[in-house]
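The values are calculated or read from the model by the stated rules, or taken from the named source; none is laboratory data. No experiment lies behind these values; they were computed from the predicted model shown. When we count neighbours, we look across all protein chains shown, and the Cβ atoms used for this are built from the backbone with ideal geometry, even at glycine.
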Amino acid sequence: MMFSLQQSDNRLCLSTFWNDQFPGPKNKVQMMKTNLDRRHFLRGTGALVALPALESIGFRRVTSAAETTATALSKRCVFLGIGFGVTKETWFPDQTRTGADYELSEGLSPLARHQSDITVVQGCENQYTNEAHWGSTFWLTGANRYSVPGQNMANSISADQVVAQHLGQETRFASLQLNAASLEGHGPGLSLAWDQRGKPVAGQDDPVQVFHKLFSPEDMPLEQRKAAIAENRSVLDAVLAQARHVQRGLTKTDTDKLDEYFQGIRDIELRLKKDEAWLDIPKARPPLDEPEPGLKGKAEIEIMQDLIVAALQTDSARAVSYRMPGQSLLQSLDLKPSAHNVSHYSPGDRMEASKLRDQAHSKLLARLIDKLKATKEADGSSLFDHTAVAWGSNISSIHYLTNCPTILTGGGANLKLGQHLVLPKDTPLCNVWLTMLQGLGINAERHGDSTGVVKELQA
């Protein structure tokens, strides 16, 4: 007997083939098909039984040259924002040496073992950014904060949420937003993420809570959770009916506000639908132990990295963002100056602290690449092969907002890695994000203030 899993629309089809040891014509194949839900559960007589983590699930076993190759694995994407920028004298590679023939700078030297796996990009900025202390507010959006008349703060959708809209439909969490406990240099926002209305998306800053969100079973009984969802939906219906009644005779300004309100209700409805769809599906088994409470700085970043890898590995989320700490990282490195003062470095103690911070960031990024490479997929490839990672800040150095420090790695977006790119001055950073989005298979024509893709990045 030979088993083959074939992907068809949104379901998996298990085909059982009987070889010619059974009676009948030599090449006649008798086939029995049974539908398996993507979430890999069997249902029967009211029971729900989880299948083990079979390597065959999601792939087609190749037994002859006639059979097709393995089904493509899901793509993932991670954005890591550092808030305040870097030490321009020692972080950026020499601009006269580009392409694959370049030397890593002092600040990037801990990434030497991964030089062929990273691309360093220079020359990009968000043209509308004018806040020298906001390293992440517009980093993934490229928005003009004054784009709405009468408002001094507007934003647009962030790149990670575009990824979530397209790749997060089949996962328990459409996206995962992580924060540091200390957020110097990041600016307004609840995380790196902003929704399609330009409203901030909440994040979590406690690794223990993140662990339980991803992997701990729900305490509330199933029937109570169903009732809670039904109650929330009925409340939404009542609110929506009242809002529509109020809609008559409003001014254009009020109508626009109400439209935004309706969009908020639709967003809640989508979240309720996702909660409902996953009600009776157990969470994945955690591939790591529960974190110790109270981790700060370097240790906090390391456990957040581990949780990011675990979330991707278990396919709990495919779009992840992380606002990384500033002050607590310095403290964990036994550096005395504050994160803000370090960002105002000049030759002396502050500059040395800034350089040590840069090297710590590079060591941590190298650690994440190691973990992504070490995590194997069912077909023998690594998580690194299917994950796109972007690291950087909207602030370059000493509060300057041009030449945003940018590192790209991972195979998920089909980018050309192992090179140093120096793009024309004032190239929109959103051109990089657009190139990543398209490389992830997302049919986006533009993002933020983008003017096109970066052809030098396309593999």
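Mind checking whether some residue in the range 427-447 is more than 22 Å from Val320 (Cβ to Cβ), assigned by TED's automatic domain parsing to the domain that holds Ile118 and in a strand (DSSP E or B)?
Among the residues of the range 427-447, at least one is more than 22 Å from Val320 (Cβ to Cβ), assigned by TED's automatic domain parsing to the domain that holds Ile118 and in a strand (DSSP E or B), which makes the answer yes.
Under 6 Å by Cβ, and 6 or more places apart or on different chains, what pairs join a residue from the range 411-430 that is touching a residue at least 60 places away in the same chain (Cβ under 8 Å) and closer than 23 Å to Asp449 by Cα with one that is crowded, with 21+ Cβ neighbours inside 10 Å and among the polar types (S, T, N, Q)?
Pro428/Ser450; Leu429/Asn126; Cys430/Ser450
Determine, yes or no, whether Arg350 is under 30 Å from Val163 (Cα atoms) and either without any contact (Cβ under 8 Å) to a residue 24 or more places away in the chain or of a type in the set (Lys, Arg) (or both).
No, not satisfied.
Would you confirm, using the coordinates I've provided, whether Asp315 is surrounded by 16 or more Cβ atoms within 10 Å (Cβ to Cβ), charged (D, E, K, R) and under 17 Å from Gln177 (Cα atoms)?
Yes: the conditions hold for Asp315.
Out of the residues in the range 281-305 meeting the condition of being modelled with pLDDT of 95 or more and charged (D, E, K, R), tell me which one is surrounded by the fewest Cβ atoms within 10 Å (Cβ to Cβ).
Asp289
When the residues of the range 423-441 are narrowed to those that are among the hydrophobic types (A, V, I, L, M, F, W, C) and touching a Lys or Arg at 6+ places or on another chain (Cβ under 9 Å), which ends up surrounded by the fewest Cβ atoms within 10 Å (Cβ to Cβ)?
Leu440
I'd like to know if the range 363-370 contains one or more residues that are surrounded by 22 or more Cβ atoms within 10 Å (Cβ to Cβ) and of a type outside the set (Asp, Glu).
yes
For the range 88-119, enumerate the residues that are among the aliphatic types (A, V, I, L, M), in contact (Cβ under 8 Å) with a residue 40 or more places away in the chain and closer than 22 Å to Leu372 by Cα.
Result: Leu108, Leu111, Ile118.
Only one of (1) touching a helix residue (DSSP H, G or I) at 6+ places or on another chain (Cβ under 9 Å); (2) at pLDDT 75 or above; (3) not aromatic (Phe, Trp, Tyr) fails for Asp275. Which number is that?
Asp275 satisfies every listed condition except (2).
Yes or no: the range 402-411 includes at least one residue that is crowded, with 22+ Cβ neighbours inside 10 Å, of a type outside the set (Lys, Arg) and part of a helix (DSSP H, G or I).
Within the range 402-411, not a single residue is crowded, with 22+ Cβ neighbours inside 10 Å, of a type outside the set (Lys, Arg) and part of a helix (DSSP H, G or I).
Do any helices (runs of 4 or more DSSP H) lying entirely in the range 298-400 carry at least 2 residues that are under 21 Å from Gln204 (Cβ atoms) and either in contact with a Gly (Cβ under 8 Å, 6 or more places away or on another chain) or acidic (Asp, Glu) (or both), and which ones are they?
Helices (runs of 4 or more DSSP H) meeting the threshold: 327-332.
Step by step: first the residues of the range 193-245, then only those that are among the β-branched types (Val, Ile, Thr) and at pLDDT 70 or above, then the one that is surrounded by the fewest Cβ atoms within 10 Å (Cβ to Cβ). Which residue is that?
Val208
Looking at Gly168, Gly99, Gly83, Gly150, can you tell me which residue is within 27 Å of Arg357 (Cβ to Cβ) and assigned by TED's automatic domain parsing to the domain that holds Gly326?
Checking each option against the conditions leaves just Gly83.
When the residues of the range 83-103 are filtered to those that are of a type in the set (Asp, Glu) and farther than 15 Å from Leu417 by Cα, which remaining residue is surrounded by the fewest Cβ atoms within 10 Å (Cβ to Cβ)?
Step by step, filter the range 83-103, then rank; the result is Asp94.
Can you pull out the residues in the range 138-194 that are more than 13 Å from the chain's Cα centre (by Cα) and aromatic (Phe, Trp, Tyr)?
The answer is Phe138, Trp139, Tyr146.
Given (1) in a loop (DSSP other than H, G, I, E, B); (2) farther than 24 Å from Gly168 by Cβ; (3) among the hydroxyl-bearing types (Ser, Thr, Tyr), identify the lone condition not met by Ser450.
(2)
What is the residue count in the range 124-160 for residues that are surrounded by fewer than 19 Cβ atoms within 10 Å (Cβ to Cβ) and under 30 Å from Leu372 (Cα atoms)?
Count: 0.
Suppose we filter the range 104-114 for residues that are outside any loop (DSSP other than H, G, I, E, B) and surrounded by fewer than 19 Cβ atoms within 10 Å (Cβ to Cβ); how many remain?
Residues in the range 104-114 being outside any loop (DSSP other than H, G, I, E, B) and surrounded by fewer than 19 Cβ atoms within 10 Å (Cβ to Cβ): 3 in total.
Would you mind telling me which numbered condition in (1) free of Cβ contacts under 8 Å to residues at least 24 places away in the same chain; (2) in contact with a Lys or Arg (Cβ under 8 Å, 6 or more places away or on another chain); (3) within 30 Å of Ser74 (Cα to Cα) Ala317 fails?
Among (1) free of Cβ contacts under 8 Å to residues at least 24 places away in the same chain; (2) in contact with a Lys or Arg (Cβ under 8 Å, 6 or more places away or on another chain); (3) within 30 Å of Ser74 (Cα to Cα), Ala317 violates only (1).
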